[in-house]
Every structure is written in structure tokens, then in C-alpha cells.
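Written below as C-alpha cells is the structure these notes are about.
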Amino acid sequence: MLRKILFTLFISFAFYYVFWFDTIQDSFKMPFKLIPMLLLIVLALQSPSTRYKWLIVTGLAFCMIGDYTLQWFILGLSSFLIGHVFYIIAFRSSVSPAPKLAKILLIMYGLSMAIWLAGTLLTRGEIIVAIAVCAYIIIISMMGWTAFHTNEPFAIIGALLFITSDSILAINRFIIPVPFEHEMIMLTYYTAQLFLMLSIRKIQQKVIQ
């Protein structure tokens, strides 16, 4: 019962923040942004205790910190990067074979995004930001790759949606304006975190089996 209530609250707050962002008073925008993540953490804590669970919970917590600190870009980027590292460690607890095509596509994604973004930033003289962004691209590409090793669809979908959200954010921030950027970034972001949280029980079920 509690899990259903928390899930309903998550959907409600996330949906409102994504699609009715402009109606929220400025002083309440940050709480509205953080509440869905806090609810996901509480939902994750309802699952039985496992190493995978605590790694995902820690990743969610650092991402929530990143949500707040992203107003200071490098600090927020660092928080998200740490969150991704915890996701990577969680995914690497499984050694299932991953398709080579996934690895090739993720490498192609990483290289193309790094060249595009770093090239644009370097022409503006933003060397530190370019280095930070390239490091972040490497980490999220690794997260996507290691997610395939879990052989768990929820983990894979969550990782790929997270990469999508980050890519839209980076393109909108550094390259060109993206139509409906807020809706696209936050919808893919919240959905990604939801799937990563849901992967906890899926992984546990596989272990029990």
C-alpha cells in the first residue's frame, strides 16, 4: 500500500514539474524538482537490502544533489558524475554478456558527442568546461555499456534514457536551442531514474531464481 502511494506521488509531482513548470512559483521550483527524486529514493528503500540496492540508492542520492547544484554547473556535473559511477559499480556486479553492437554504438555516440561539444566549447575558450564535459560523456557511455551487462531491461532502458536526457541538456546548453527542452530533458530524466529504481527488484528476483 505504501509503495503504491509513493509511486502515485512520484508520478504526480514529476508530471506536474515536467508539464506545468511555468505555473510553479520561483521559490517552489527547486522543491518540486527534488521531491520526485526523494520519493524514488524512499521507494528504493522499500526493497530488501542488497549491494545492488544500496549502490542504486547512493546513485539516486548524488543525482538529487546534482539536481540542486546544477545551478553551479561544474559542481552539479560532478555530483551527477559520482552518481553515474555508483550506477556503473552496481551494473558491473553482473557479468552477463553484452551485445557488441551496443558497445559499438555507445563508442560512436561518445566520440561524436565529445568532438561536437568539446569542439564548440574550445572555440569559445571554455577549456575547463570542455574537459569536464568530455569526462562526463565517457562516464555516461560506460554507464550505458555496463547496463547491458545486467541483462535487465529496466536497467538498460534507464541508462539509455539517462544518456538521452543528458545529451538533450548538453546540446541545448552548448550547441543550439532544443524545442520543448524542459519537457524533453526532465521527462527522460525522471523516467530514467524510475526505471533504475525499478531495476532493484528485478535484479533481486533474478538472484532469487
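The values are calculated or read from the model by the stated rules, or taken from the named source; none is laboratory data. All values derive from a computational prediction rather than experimental measurement. No Cβ is skipped: glycine too gets one built from the backbone with ideal geometry, and neighbour counts run over all protein chains shown. The accessibility values were calculated without ligands, DNA or RNA, using every heavy atom of the protein model including side chains. Shrake-Rupley method; radii C 1.70, N 1.55, O 1.52, S 1.80 Å.
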Residue match in the stretch 174-193 (condition: touching a Gly at 6+ places or on another chain (Cβ under 8 Å) and either farther than 26 Å from L101 by Cβ or in contact (Cβ under 8 Å) with a residue 40 or more places away in the chain (or both)): yes
Which listed residue, of F13, F19, is open to solvent by 80 Å² or more (accessible area, probe 1.4 Å), touching a residue at least 24 places away in the same chain (Cβ under 8 Å) and over 15 Å from M197 (Cα atoms): F19
Which numbered condition L111 misses (of (1) touching a residue at least 24 places away in the same chain (Cβ under 8 Å); (2) open to solvent by 20 Å² or more (accessible area, probe 1.4 Å); (3) closer than 22 Å to I74 by Cα): (1)
Cβ-Cβ under 8 Å pairs, at least 6 apart or on other chains, the stretch 31-59 side under 16 Å from Q205 (Cα atoms), far side part of a loop (DSSP other than H, G, I, E, B) and open to solvent by 40 Å² or more (accessible area, probe 1.4 Å): R51/S93; Y52/S93
Which listed residue, of I127, I157, is surrounded by fewer than 19 Cβ atoms within 10 Å (Cβ to Cβ) and modelled with pLDDT under 95: I127
Residue list for the stretch 72-108, filter: open to solvent by 20 Å² or more (accessible area, probe 1.4 Å), in a helix (DSSP H, G or I) and not hydrophobic (A, V, I, L, M, F, W, C): S78, K100, K103
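Anything in the stretch 187-198 that is closer than 15 Å to L43 by Cβ and either aliphatic (A, V, I, L, M) or modelled with pLDDT under 95 (or both)? List them, or say none.
Answer for the stretch 187-198, where residues must be closer than 15 Å to L43 by Cβ and either aliphatic (A, V, I, L, M) or modelled with pLDDT under 95 (or both): A192, L194, L196, M197, L198.
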